[in-house]
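*Asks:* Got a structure for you, written out below as structure tokens; questions coming shortly.
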Amino acid sequence: MKKISILIMVLAILFVYTSCQQIFTYSALEWAQRDPSDLPPAQQISYAESILSSGDTEAMADAYAVIDDLLEDDPDNVDLQLLAADLAIGGSGITDAIADLDLENLDTSVEDILAGIDLDLVAASAEHVEAAAALDPNAVSPEQYLNTGLILLAQAADEAVDGFGDLSTINTGDLGWDTLVKANNFINLGGGNLADFGVDNPNL
């Protein structure tokens, strides 16, 4: 992912964080501190599922790498795709960074906060949800659809006119258009609307 439109990324961070609060409960898992790459596949999956509740960003990033490797041999596994998506969000550092977000001083705080987030993992989360939705649309939760739609919205803004395009005016064939269409679809499937995020494009 290239440099992201700051305002939309902040919205994405806030909505992802809000919808994931029940997942990241910050409960201690002493046994989860081991190296998951040394475990057999079935235990790697169990470990990864358990680590979601640990609140340990580094551990989730490590677990994501393991599950992503498993997906190379089993890309049609919907459950693995969605597990990878949740681990990628957790491992991206969003839940760590959000605590430092000063809503009263966004101009001075947002760039520092974004610097602490692994945007590649944020993008990877969206890719895994897209893959899962292509395999079984009903397996994806509304929260996962909405989160992915917001990430895609940020990507569309980034693609359109060097990251600061007016998403309300881009048309078919313009940079960012295809991504905006996907964002709109995913946000709708998540129960939201582009207009909720300041985008009212009459071309959609």
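*Asks:* Consider A124 carefully, then state whether it is surrounded by fewer than 18 Cβ atoms within 10 Å (Cβ to Cβ) and either outside any helix (DSSP H, G or I) or small (G, A, S) (or both).
*Replies:* Judged against the criteria, A124 is not a match.
*Asks:* Being touching a residue at least 12 places away in the same chain (Cβ under 8 Å) and hydroxyl-bearing (S, T, Y) is the filter; apply it to the stretch 35-65 and report the residue that is surrounded by the fewest Cβ atoms within 10 Å (Cβ to Cβ).
*Replies:* Only one residue fits best here, namely S37.
*Asks:* Which is loosely packed, with under 15 Cβ neighbours inside 10 Å and either in a helix (DSSP H, G or I) or within 17 Å of the chain's Cα centre (by Cα) (or both), of D68, D79?
*Replies:* D79
*Asks:* Separate question: Taking the stretch 169-204 as the search range and keeping residues that are small (G, A, S), over 20 Å from L119 (Cα atoms) and surrounded by 15 or more Cβ atoms within 10 Å (Cβ to Cβ), which one is nearest to the chain's Cα centre (by Cα)?
*Replies:* Looking at residues that are small (G, A, S), over 20 Å from L119 (Cα atoms) and surrounded by 15 or more Cβ atoms within 10 Å (Cβ to Cβ), I get G190.
*Asks:* Next question. Quick one: in the stretch 158-167, of everything that is on the phi < 0 side of the Ramachandran plot and surrounded by 15 or more Cβ atoms within 10 Å (Cβ to Cβ), which residue is modelled with the lowest pLDDT?
*Replies:* G165
*Asks:* Can you work out which of the residues in the stretch 40-64 that are touching a Leu at 6+ places or on another chain (Cβ under 9 Å), assigned to a helix (DSSP H, G or I) and among the small types (G, A, S) is nearest to L83 (Cα to Cα)?
*Replies:* A48
The values are calculated or read from the model by the stated rules, or taken from the named source; none is laboratory data. Note that the structure is a prediction, hence the values are computed from the model and not measured. Cβ sites come from the backbone with ideal geometry, for glycine too, and all protein chains shown count toward neighbours.
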